[in-house]
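Bear in mind these aren't lab numbers, they're just calculated from the coordinates by the rules spelled out. Keep in mind the model is a prediction, meaning the values are calculated, not measured. Cβ placement follows ideal geometry from the backbone for every residue including glycine, while neighbour counts extend to all protein chains displayed.
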Amino acid sequence: MASTLHSFASAADLAGSLADKVADTLSAAIAARGAASIAVSGGSTPKAFFQALSTRDIAWDKVTITLVDERFVPADNQRSNHLLVDANLLQNKAKAARFVPLYQPAASVEEAARLATAKSAEIGIPFDVVILGMGGDGHTASFFPGGSNLAEALDASTPRSIITMEAEGAGEPRLTFTFSSLQDAALLVLHIEGEGKKDVLAKAEGSGDEAEMPIRAVLRRATSPVEIYWAP
Ligand SMILES: O=C(O)[C@H](O)[C@@H](O)[C@H](O)[C@H](O)COP(=O)(O)O
């Protein structure tokens, strides 16, 4: 599917503009069906965007927030994406939103994925908003090159679910929504910052296997247009 690049002079300008766009999309969903959903990424890039979005005046009590992926660590662990969202997005007006975690206290990451899949089923499909990031290796969500379940994660026929992923660059075992769960969001955003990530994007947009740079699956096969938000 087509992608559109939205370039901004600064990260602050991007954060404000993306917060406005997401708030408008969530409000339109609430107006249409009384509810809205958003799945966000972790990492370092989205912090300013989360803080800007948390101040937007929308019916947050009608919004469900979840994560596109999570490290298999509890929410009090510094590596937790839940902790990042709690500290930066579930603040201010957005405190009223419902949050659905991916991490589940379970004997194994596989059992946690089964529990998380069951809990996420109540969110409804497709997501109204999905915010993806991208690593320097071309991963997105927890679709890492060489990942233990990468083929299953990227297969469009894999049912919408949360699966596990282990990979050299991932740190802890991961819990990740599948490509099929994310790729048809009403608003599908890839949020990247810095010249380095722009170079990675240019390489990903070129030829090569999806397995080498899994973001390619989104850029090439997502049914929704990909809105790329970039700032230096
Ligand atoms: O759990 C995570 O780390 C994210 O979901 C991951 O996919 C992230 O979006 C990229 O790794 C980019 O991370 P940065 O924004 O820190 O570069």
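The strands (runs of 3 or more DSSP E) falling completely within region 1-99 that include 2 or more residues that are under 22 Å from residue 227 (Cα atoms) and of a type in the set (A, V, I, L, M) map to 36-40, 63-67.
This table checks each residue for (1) in contact with a helix residue (DSSP H, G or I) (Cβ under 7 Å, 6 or more places away or on another chain); (2) buried (at least 16 other Cβ atoms within 10 Å of the Cβ); (3) within 20 Å of residue 143 (Cβ to Cβ); (4) not acidic (Asp, Glu).
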position: 17; (1), (2), (3), (4): no, yes, no, yes
position: 24; (1), (2), (3), (4): no, no, no, no
position: 33; (1), (2), (3), (4): no, no, no, yes
position: 41; (1), (2), (3), (4): no, yes, yes, yes
position: 46; (1), (2), (3), (4): no, yes, yes, yes
position: 71; (1), (2), (3), (4): yes, yes, yes, yes
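So the check is Cβ under 8 Å with 6+ separation or different chains; which pairs have a first residue in region 18-45 that's over 12 Å from residue 56 (Cβ atoms) and a second one that's of a type in the set (Asp, Glu) and within 14 Å of the ligand (Cβ to nearest atom)? Sorted first by the residue in region 18-45, then by its partner, the pairs are 41/69; 42/69; 42/70; 45/193. Among the residues of region 161-204, those that are buried (at least 19 other Cβ atoms within 10 Å of the Cβ), out of contact with any Phe, Trp or Tyr (no Cβ under 6 Å at 6 or more places or on another chain) and assigned to a loop (DSSP other than H, G, I, E, B) comprise 161, 178, 183.
Filter region 82-97 down to residues that are among the hydrophobic types (A, V, I, L, M, F, W, C) and farther than 18 Å from residue 15 by Cα and give me whichever is surrounded by the fewest Cβ atoms within 10 Å (Cβ to Cβ).
The first filter runs over region 82-97 and keeps only residues among the hydrophobic types (A, V, I, L, M, F, W, C), leaving 83-85, 87, 89-90, 94, 96-97.
Going one step further and asking which of them are farther than 18 Å from residue 15 by Cα, we end up with 83, 96-97.
Details: 83: 17, 96: 13, 97: 21.
Of everything passing the filter in region 82-97, 96 is surrounded by the fewest Cβ atoms within 10 Å (Cβ to Cβ).
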